[in-house]
1. So for the stretch C:122-191, Kirkwood radius off the Cα pairs, Stokes-Einstein at 4 °C and 1.567 mPa s: how many µm² s⁻¹?
2. List every residue whose amide H lies under 5 Å from the amide H of residue C:305, counting only residues 5 or more places away in sequence or on a different chain, with H placed 1.01 Å from N in the peptide plane.
3. Quick one: Cα centre-to-centre distance for the stretch A:74-96 and the stretch C:353-376, in angstrom?
4. Once the Cα gyration tensor of the stretch A:29-152 is found, what semi-axes does its equivalent ellipsoid get, as square roots of 5 times the eigenvalues, in whole Å, sorted largest first?
5. Normalise the Cα radius of gyration of the stretch B:102-175 by 2.2 N^0.38 Å (N = residues in it) and let me know the number.
6. If the label point is 7 Å along Cα→Cβ of residue C:201, which residues in the stretch C:219-244 have backbone nitrogen under 19 Å from it?
7. Please compute the Cα-Cα pair-distance distribution of the protein assembly as shown with 10 Å bins starting at 0, giving whole percents from short to long.
8. In deg cm²/dmol, rounded to 500, what helix-only [θ] at 222 nm does chain B give when every DSSP H run of at least 4 residues adds -39500 (n - 2.57) and the total is split over its residues?
Amino acid sequence: MLKTMNQKISVFLILFGIGYLYLSYNLKEYPYVPVDSDLVPKALGYLLVGLAVLLFFDKSSETEEQKKKRSVPKKELMVILAVGGMIFLYIFLFEIVGFLIATALFIFFCSWFLGYNRWVSNLLVSLIFPSVLYYLFNYLLQIRLPQGILPF
Amino acid sequence: MGALDGLMQGFQVAFSLQGIMFVLIGVVTGTLIGMMPGLGPISAIAIMIPVTYGMDPSAALVMMAGVYYGAVFGGSTSSILLNAPGISGTVATAFDGYPMAQRGEAGKALAIAAISSFTGGTVSVVLLMLFAPALAQVAVSFGPPQYFALMFLGLTAISSLSEGSTIKALIAATLGFIAATIGMDAQTGTTRFTFGTPNLIEGIDFLVIALGLFAIAEVCFLIINRKDKSLSKQSDIGNLKLSKEDLKEMKGPMTRQSFLGFILGVLPGAGATIASFIGYITEKRIAKKPEEFGKGSVRGVAAPETANNAATSGAFVPLLSLGIPGSGTTAVMLGAFLVLGIQPGPLLVQDRPEVFWGIIASMYIGNVFLLILNLPLIPYIAKILKISRPMLISLVIIFSLIGVYSISFSTFDLYLLLIFGVIGYLMRLFSFPAAPFILAFILGGMMEQALRQALTASGGNLAILVSDPISISLLIVSALSFVVPLIRIRKKDATQD
Amino acid sequence: MLVFIVSFVNFIWFIFLLFLTQNILKTVTIPFLSFTMKLMKDYIWKGRGIYMKKLWMMAILTLLVFVVACGDQSADSEADSGEGGGDWEPEQNIEIVAPSGAGGGWDTTARSVGKIMEEEGIVDTDIGVVNKPGGGGAVGWSYINSTNDPHNLFVSSPPLIFVPLNGQSDLSYEDFTPLSNMIADYGAFAVSEDAEWDNLNDLFDDMKEDPSSVTVVGASSPGSMDHMQFIKIAKAAGVDIQEIKYVSEQDGGALTQILNGSADVYSTGVAETVEQVKAGKIKVLGVTAEERLDGEVLSDFETAKEQGIDATFVNWRGFFGPKDMDPAAVAYYEEKFKEVSDSDTFAELRDQYGWDEMYMNSEEYQEFLKEQNDELGSLLEELGLGQ
């Protein structure tokens, strides 16, 4: 039944819209205004569902260019996921080990992972770049980045 | 005292050695801060406040103003080179600036941005100087019904931002609007769709969405193409020189957007971000070749860059002549005025003319500084693109993350950034345009609030929305802008059949 | 001044370094190091999918880092406890959290007090201001609550009462130790210069007849400061508070709405009205202070009390620490904040912002907060907004 990509997306959007509508109908009421906080979300929810239905029956097929854009090799997808995972880890460690260590590790490993083979310059960039940034933010701009486990 | 005397006094302040020095420090700091994604003029000025305590007020304020418009000037750089908007006012610059850089014309894009910023900045300062007190009336003429009409006009333009499927553009816009409904509703205090986390009560920050949908999503494509040699021309900076045709192309947008951007900047709440979007849309609407927009059009870079800089000067009108801060940055500047012992308000021009005119006069110098500082630096700044791909990718990711962290100081927003990066990537995979999403996010939230403020005041009577000439004419224009393209399409279809 | 020059130089330096590492070093790479690296790499990676290996290695490394970090943290917290009584001195830098973004009232107070403490030598350690915006303060409060470190303080004001009462935060003032209140600010109710009302009684007489004929505008959302200060005074005057129309305008357009007639009454802080009154754009019907305020223009504003309406509203602002603080630490901070409050620099700052001096020590503050909480809680209850 779900032949085209549009139809799959449309079903997803309809489900999303219904979930959003459900939440909108459960918003707390506030008695002192003529238009309560649920009006616009409800309207948007119905609009989204309506547009998704239109998308479902949309006959226009994708152009070749668009199709090509979507055909990502499995291996590359894995690489993207891995980088996403690294960002996730970075955020997770950011406040625990501190900006300096987390950033140095991230730059070094992310660049290396993506195929940056010049070890020495990679090492230097991943040490100097975070240090300069840290100094700039913490001492000159007075914007505190997490110091983590380091004493400074 | 006449305006002319005042202006003379202002130029004396601005052209003194001290004045020139502080303008220079201000604009340089501003440009650098603007270039860093996330870090914007608000934080910079807030941090300067305790530092400037006890300084000569006009010098301090001239410097802070410099930081403000310097940041708007510099913000375009990272939009163009990395697709990572430096500040929220330069998100629209990425629409065409980044494709242009990808074509190997980064130098040209930066030059266009610098020249249009300079034009927008300078023309609007002239307007500011001539009409500041008079324009104060314009600033207060917009109440909730007029804002509603203005935002509505902006939203109707969404269909024009679509490339390909209109339905997809509308869906993207609806999703953007939905994202704007997250957080505490100002009119009732009801928390909407926050799932119980306090991190969402104040809503999602605009820059989280902008950096996610643009910078992080773009990173995904950079990763896939990191070994693609055919794209290596991207690291070419290209020729800096603009051809005669380019300049001719820029003339129209620059003239129109200097005025339009300035007016939008004068309106409290609108500001540089909205001005740049509306500038972009209007130029696309009236362009002879709208299909070039989004693919690296000269006009598409010139329009938002002129508009956001013009709006920045415009924002000084309500601040200096009424004491009303029209944006987050000017609100912080108001605080700076107070610390320095100056009360901005209708009496400022009489009580402290040297401050009032000093700031305005300094903006001339500041804009010239920005131009002569930026143009020669372009080849060096654009060298960022020469950094090898894997390293560039890591650095863009780090810059976006730090940018978001320096606004919210919470890892929650960093996760949000990652989520919006994923959403942005999926949207691009399935050909949903990101521009309508971001436009609806910023206009939608304001439109809802304006609508409900108006209806609360009128007791639910819809007539208030069409009760005065400004809102009526804005609504008529929005109706036309919706209908006319449809007719055009009809005609096109008819001739094709 | 120097700071900016230095920052500029640093930035150039940083860009320079970036290119240095990128362009120069690639030609001057130390051959030996890269050769060993290459050997190691070949040795370890021979024969398997390269990405998987890289991933594995990274996973192990992050795990290591994480374990080290956790170990270190637990050691930290052990060292912190185990004190009590006697004198208390900060052992590390003090951190003041402003539970808002840069530039707001909390941020300004925190930064100026921190600066005075450092520059006048009141405190020996460094003082850093940290912004933790979000949730109208709730994000910052939960941060303080979770770190639970006597070196982490925060600045707060009436939202600490309002936000929990509105059900937007699980933490309330009772979960923190009030240290010292520093300043007070008062609310003002302003109308356009050509409005028909000249004092609060005129306004409230009209509102008693038809409360919905008047639109009130303020910057905060319903159930918070600008709304509740008006409700409090209006209730004392006998207006039906359930019928009051309140519009929230958070983008700085509240004053505009008064000037263009979109709304009738502007509920705000006293300081925001002064310039506009001087310029003859608006008039202030009444202020929420206990007594007449000092200062040019300010002393012309009649209080609600003087107009026979027995109600006041204070926008207090002070400093708090985490719950269950060492009494010695509380005493230490009380003394330091008192010193700031008495300093000339702070007095000057108060004048500039139009703040009133209102020092309270920890005990007085605690009592004051309880009173405020009970009073405002019952008002919110009546409006049906309380949780």
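1. Working: Rh = 13.9 Å.
Calculated translational D: 93 µm²/s.
2. Hits under the 5 Å cutoff: C:311.
3. Value for the Cα centre distance between the two parts: 48 Å.
4. Semi-axis lengths for the stretch A:29-152 are 43, 30, 11 Å.
5. 1.64
6. Flagged as within label range: C:233-240.
7. 2, 11, 20, 25, 22, 14, 6, 1, 0, 0
8. It comes out at -24000 deg cm²/dmol, rounded to the nearest 500.
Each value in this text was obtained by applying a stated rule to the coordinates, not by laboratory testing. Fair warning: this is a prediction, and the values are worked out from it, not measured in the lab. Quick reminder, even Gly has a Cβ in these numbers, built from the backbone with ideal geometry, and neighbours come from all protein chains shown.
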